[in-house]
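Colleague: If you scroll down you'll find the structure; I have some questions about it.
Laboratory data are not the source of any read-out in this text; all were calculated from the coordinates shown. Predicted model, so just to flag it, every value in this text is computed and none were measured. Please note: Cβ atoms are built from the backbone with ideal geometry, for glycine as well, and neighbour counts cover all protein chains shown.
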């Protein structure tokens, strides 16, 4: 049987706007995914560690202060350094058109501004995460 | 089956907060209802109709636009621009580092300096922020919570330097830190010592600044996080009760402190429910102060409120439509009898407001005041079967929540256990599900969308130079101050904090020798520790 997709959602930086990320967390759970939410004021390195420990296939960054591009770039860099480039990075929050364009150039196609229906995020993850996942040794 | 029944069969009608609504309301809905007891006379107990006898006929509400970005110099310019357009008060938002007590040169502050509000590190920033503004004429609202003693201290120092009398200074410290733990999330200290510092500000103001609201109980952020209208009121009141208990234990009387308790609430989209919420809230507060706390001064019974239209209802899609939402919400505020108002910028979901958005927010209120006619008479919806029924229902639900919170040991205990946060998250989730299923329609979001929408809105972005400039300003202050004197004052503050006495005088004296906000926060955290975030979903 297919393993559920594991998603780490994180809120790097220091602002407290977490209504959106919490709603996304519940929505992805309702869609059958396993969601680990790191909580607020988490450093990128800590989120990457969590994703590796939790064997996540997706890592989602929430931000409300227009720092998506720099945060996503740092996340990508650290994932590459850890040899985990295959983890899908998605971002959500107050995203302007130019942010979305810049993220696209960085290869991040999952950029979700306010008002995005949860099913669109679910669909994106399902399309971009390989479904035939071999459970790792030791995993149940 | 008549036609109305058929429609009701097909669709459930309910308010924004999920309360079922009937097709028609009439006298049978208000059977045991006594007009004089429940509604009465404007300006008199229980203040259902408003806190002044003639309301907007003698004085319209204060138009208070929120300003805050970049350095103090940049925000000062915008403060002056806003004042030139008519308001009698300014309201400043601070950047996230300032809100959580970090200096601009803290590594964690990188990228956030001046971004979502103005950066304040030292007294010099406060001087510049208020430069050229007549503090005898313009009231100043500080949207700051855990660091409220420091920001108030900087204001006091600035006002004194400029020769103003503290007793004439009008303004507000938001200073409602309990909601930080489950709503705005800009917490610093653990809940218990936080309540104490909050009450230190209230106590200082009650003794030295009679025209300053030392606390502004915040339902707004609770609602923005997902609460319903009755939860917004009840949770705010429960927080007020916690502060009252602390202040009474200091030997202050309820009539010493309650008259300067003010409130900030949100105005959401459901027109009649929001009006009823303001009416029910005033009535509940008056009864609670009189009956539960034994307040004798009518000023203690009056709930004065600032309101803001709901930032969370401002859509990213088709942003100009938000001007319409803001108008409907502001109209509900006017019909609800509020004392002060801010209309969210129509570009709220995209950026902090542009000058154009600021102007339109003011114009919205000016059109309501001068052209709509709703300010001609007091509490125009009194006696409406529907609005009075809603007012009764919301009052009952506020009471029900208050009893539950009291039963769980009060707001402080409910913050510590996470119960309040869970309730708010639950409704936020339910609401979102209703949007997803189209049970609720949000124009432009789940209906009436535009394909490949290209918004034609000039968004405001803080210049990249602001952070660098603020770092330069802070470095300059740090170079020119007497480091030993700063340490001496911070040590004094630590001793006072450890003794349990009021910290305000020590904070003010530290501010005056250019101790930074971050240094003062750290000194206090040395004594009381810091709060660790939860990850409740």
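Colleague: Radius of gyration and Dmax for the stretch B:44-125's Cα atoms, expressed in Å?
Modeller: Gyration radius and largest Cα-Cα distance of the stretch B:44-125: 17.6, 53 Å.
Colleague: For residue B:366 and residue B:255, what does the FRET efficiency come to when R0 = 51 Å and r is the distance between their Cβ atoms, rounded to the nearest 0.05?
Modeller: 0.90
Colleague: Using alpha carbons only, how many angstrom separate the centre of the stretch B:93-109 from the centre of the stretch B:180-212?
Modeller: Comparing the Cα centres of the stretch B:93-109 and the stretch B:180-212, I get a distance of 18 Å.
Colleague: A further question on this structure: Hey, quick one: spin label on residue B:359, modelled 7 Å out along Cα-Cβ, who in the stretch B:77-99 has an amide N within reach, i.e. under 16 Å?
Modeller: Residues B:78-87 qualify, since their backbone N sits under 16 Å from the label point.
Colleague: Sticking with this one: Describe numerically, in nm with one decimal, the distance between label points set 7 Å from Cα along Cα→Cβ at residue A:52 and at residue A:127.
Modeller: Computed distance between label sites residue A:52 and residue A:127 equals 3.1 nm.
Colleague: Still on this structure, please answer the following. Distance in nm between label sites at residue B:404 and residue B:385, each 7 Å beyond Cα in the beta-carbon direction?
Modeller: Distance between the two pseudo-spin positions: 3.0 nm.
Colleague: Related question: Over the alpha-carbon set of the stretch A:6-128, work out the extent along each principal axis and list the three values in angstrom, largest first.
Modeller: Dimensions of the stretch A:6-128 along the principal axes of its Cα atoms: 33, 32, 29 Å.
Colleague: Testing the spin-label approximation: label points 7 Å from Cα along Cα→Cβ at residue B:498 and residue B:160. State their distance in nm.
Modeller: Distance between label points: 2.5 nm.
Colleague: In degrees between 0 and 90, to the nearest 10, how far off the longest principal axis of chain B does helix B:385-407 point, with axes built from Cα atoms?
Modeller: Helix B:385-407 sits at roughly 50 degrees to that axis.
Colleague: Quick one: angle between helix B:419-436 and the longest Cα principal axis of chain B, in degrees between 0 and 90, rounded to 10, please.
Modeller: Here the helix axis deviates by roughly 50 degrees.
Colleague: Please state, as a whole number in µm²/s, the translational diffusion coefficient that the Stokes-Einstein equation yields for the stretch B:416-523 at 4 °C and 1.567 mPa s, with Rh defined as the Kirkwood radius across alpha carbon pairs.
Modeller: The calculation lands on 66 µm²/s.
Colleague: Could you work out the helix-only [θ] at 222 nm for chain A, with each DSSP H run of four or more residues adding -39,500 (n - 2.57) and the total divided by the number of residues, to the nearest 500 deg cm²/dmol? Write out the running numbers ahead of the final one.
Modeller: On the way: 5 runs with 56 residues, N = 140.
Calculated at 222 nm, the ellipticity per residue is -12000 deg cm²/dmol.
Colleague: Ratio of the stretch B:198-313's C-alpha Rg to 2.2 N^0.38 Å, to two decimals?
Modeller: 1.06
Colleague: In Å and whole numbers, how far do the C-alpha atoms of the stretch B:298-415 stretch along each principal axis, longest first?
Modeller: Between the extreme Cα coordinates on each principal axis of the stretch B:298-415 lie 48, 37, 29 Å.
Colleague: Report, to two decimal places, the Cα Rg of chain B normalised by 2.2 N^0.38 Å (N = number of residues).
Modeller: Dividing the Cα Rg of chain B by 2.2 N^0.38 Å gives 0.96.
Colleague: Based on the Cα gyration tensor of the stretch B:79-234, what are the three equivalent ellipsoid semi-axes, each the root of five times an eigenvalue, rounded to whole Å and given largest first?
Modeller: On the way: eigenvalues 115, 73, 54 Å².
For the stretch B:79-234, the ellipsoid semi-axes come out as 24, 19, 17 Å.
Colleague: Separate question: Please give the FRET efficiency for residue B:41 paired with residue B:468, using the beta carbon to beta carbon distance and R0 = 56 Å, rounded to the nearest 0.05.
Modeller: That pair, residue B:41 with residue B:468, gives E of 0.45.
Colleague: So, one more: So what is the relative contact order for the stretch A:6-128, in percent, with contacts set as C-alpha pairs under 8 Å and at least six apart?
Modeller: 25 percent.
Colleague: Next question, about the same structure. Return the FRET efficiency for the residue pair residue B:433, residue B:534: r is the Cβ-Cβ distance, R0 is 25 Å, and the value is rounded to the nearest 0.05.
Modeller: Efficiency, rounded to the nearest 0.05: 0.65.
Colleague: Over chain B, what is the relative contact order in whole percent, taking alpha-carbon pairs under 8 Å and six or more residues apart?
Modeller: Rounded, it is 19 percent for chain B.
Colleague: As a test of the formula, what do you get for chain B when each DSSP H run with n ≥ 4 contributes -39,500 (n - 2.57) and the sum is divided by the residue count, at 222 nm and rounded to the nearest 500 deg cm²/dmol?
Modeller: For chain B, the value works out to -14500 deg cm²/dmol.
Colleague: Taking all pairs of distinct Cα atoms, average 1/r, flip it, and tell me the Kirkwood hydrodynamic radius of the stretch B:468-531 in Å to one decimal place.
Modeller: Across the stretch B:468-531, the inverse of the average 1/r is 12.2 Å.
Colleague: Okay, next question. Using the Cα gyration tensor of the stretch B:160-227, with a ≥ b ≥ c the square roots of its eigenvalues, what is the shape: rounded (a/c below 1.5), prolate (a/b larger than b/c) or oblate (neither)?
Modeller: Numbers: a/c = 2.85, a/b = 1.92, b/c = 1.48.
Judged from the Cα gyration tensor, the stretch B:160-227 comes out prolate (a/c at least 1.5, a/b above b/c).
Colleague: Sticking with this one: Nearest 10 degrees is fine. How inclined is helix B:148-161 to the longest principal axis of chain B, computing both from alpha carbons?
Modeller: 60
Colleague: Can you give me the pair-distance distribution of the protein assembly as shown, C-alpha pairs, 20 Å bins, whole percents?
Modeller: 18, 53, 27, 2, 0
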